[in-house]
Amino acid sequence: MTETKNGEHKRSRWRTAVASTRYIMALAVAATFFGATVLLLTAITDMFSAVWQVIVDKKALEEPLRLVMIESIDTVLVSTVLYVIAIGLYQLFVDPLLHSRLPAWLRIEDVGELENRLAGMVVTVLGVLFVSKALEWDGTEALLYFGLAVGAVIAAISFFLYQEGKHASKFPEMPDDK
């Protein structure tokens, strides 16, 4: 009898120790949220600065205003995706009860959804990067090769997302044991 109690006690302590490691993810959540916040503040500062230079100071920007705004909006989108990833990690690892209090578009069911959002963000960033290059293009660089490289990466990511979608549809969700 003592052996069983002792064995159960060791398993119980081990389960408690393993379960509490989920709080390490809180550090990742905090770092991701901090990074998203810094990016967002940077984008806002860049937008206000560019508009200030054009309207108030009547100075010409080194880069056209539309380019600054496109790149800043891209940074805002990246920051938003990082925020969603932070919230997703938090609800998956730290506070699963948060899931039910979030709007549907912010609920994350598994890590695969976070991967998909990150992959989508990379595709968007690459697209904006190409548009930025095209707007700056002066005819001297080989824009075609850059576009093909960006297109190849976007195609690879799209194929990955397609395969992930096919794989997920093969395995239907299991009912919760609630």
If you go through the range 71-105 one residue at a time, how many are over 12 Å from the mean Cα position of the chain (by Cα) and either within 20 Å of MET25 (Cα to Cα) or exposed (fewer than 14 other Cβ atoms within 10 Å of the Cβ) (or both)?
17
List every residue pair whose Cβ atoms sit under 6 Å apart, with the two residues 6 or more apart in sequence or on different chains, where the first one lies in the range 134-158 and is in contact (Cβ under 8 Å) with a residue 40 or more places away in the chain and the second, anywhere, is hydrophobic (A, V, I, L, M, F, W, C) and assigned to a helix (DSSP H, G or I).
LEU135/LEU67
Which one is modelled with the lowest pLDDT, of the residues in the range 37-61 that are hydroxyl-bearing (Ser, Thr, Tyr) and surrounded by 13 or more Cβ atoms within 10 Å (Cβ to Cβ)?
SER49
Could you identify the single residue in LEU114, LEU143, LEU135, LEU118 that is farther than 26 Å from GLY165 by Cα, surrounded by 14 or more Cβ atoms within 10 Å (Cβ to Cβ) and among the aliphatic types (A, V, I, L, M)?
LEU143
Does the range 40-51 contain any residue that is aromatic (Phe, Trp, Tyr) and touching a residue at least 24 places away in the same chain (Cβ under 8 Å)?
no
Hey, among VAL68, VAL123, which residue is in a helix (DSSP H, G or I), surrounded by 15 or more Cβ atoms within 10 Å (Cβ to Cβ) and modelled with pLDDT under 90?
VAL68
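The values are calculated or read from the model by the stated rules, or taken from the named source; none is laboratory data. The structure presented is a predicted model; accordingly, all values stated were derived computationally and were not measured. Ideal geometry is used to build each Cβ from the backbone, glycine not excepted, and the neighbour counts take in all protein chains shown.
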